[in-house]
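We did not get these values from a lab; they are worked out from the coordinates using the rules stated. This is a predicted model, so every value here is computed, not measured. Note that each Cβ is placed from the backbone with ideal geometry, even for glycine, and that neighbours are counted across all protein chains shown.
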Amino acid sequence: MKEPDAEILNAALELATEWGENFRKPIDERMKAKFPGLTDGEISDAESIAKTAESRIYELAEMEERGEISETDITRIAAEQFPWIDAGQIARLKNIGMYYARR
């Protein structure tokens with residue numbers, strides 16, 4: 001499977017982690033609105049990759065809370081493991097992860 005491009009993956013990640021009325025709702029229709037040429041399979045692949053990245057960043061935040069890594073390590077590791085994620089997305093998910101890790 002060829003990985004979708006960064007624009008598609010970042011859009012999938014943004015939609016999958018959206019707050020408000022679309023919180024945790026399927027992203028298929030919203031992805032088709034942004035990228036009409038995508039197939040259902042391509043959207044599913046992008047969503048799966050995005051959810052893997054989201055989970056990993058939250059895991060890194062939990063590691064930071066336990067003192068295993070530093071806060072700056074979260075950003076560095078996420079960028080190394082998921083080079084397609086833009087910096088703003090990493091910062092947003094890091095902050096969400098750190099918030100929940102401390103609750």
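The Cβ shell under 13 Å around GLU71 holds other residues with a net charge of -1, Lys and Arg each +1, Asp and Glu each -1. For the chain, the longest principal axis of the alpha carbon atoms and the long axis of helix 6-16 meet at an angle near 80°.
In the elastic network of the chain, a GNM with C-alpha springs shorter than 10 Å, the most mobile of ALA16, ALA50, ALA91 is ALA91. Of the chymotrypsin sites (Phe, Trp or Tyr not before Pro) in the stretch 14-62, the ones in a loop by DSSP (not H, G, I, E or B) with at most 13 other beta carbons within 10 Å are TRP19, PHE23.
Where a ≥ b ≥ c are the square roots of the eigenvalues of the C-alpha gyration tensor, would you call the chain rounded, which needs a/c under 1.5, or, failing that, prolate if a/b is larger than b/c, or oblate? Prolate is the answer for the chain, as a/c is 1.5 or above and a/b outweighs b/c. For the options LEU15, LEU60, LEU38, a Gaussian network treatment of the chain with springs between C-alpha atoms closer than 10 Å singles out LEU38 as fluctuating the most.
Using alpha carbons only, how many degrees (0 to 90, rounded to 10) separate the axis of helix 87-102 from the longest principal axis of the chain? The answer is roughly 50 degrees. Once both axes come from the Cα atoms, what is the angle between helix 71-81 and the longest principal axis of the chain, in degrees from 0 to 90, rounded to 10? So the helix axis and the longest Cα principal axis differ by about 40 degrees.
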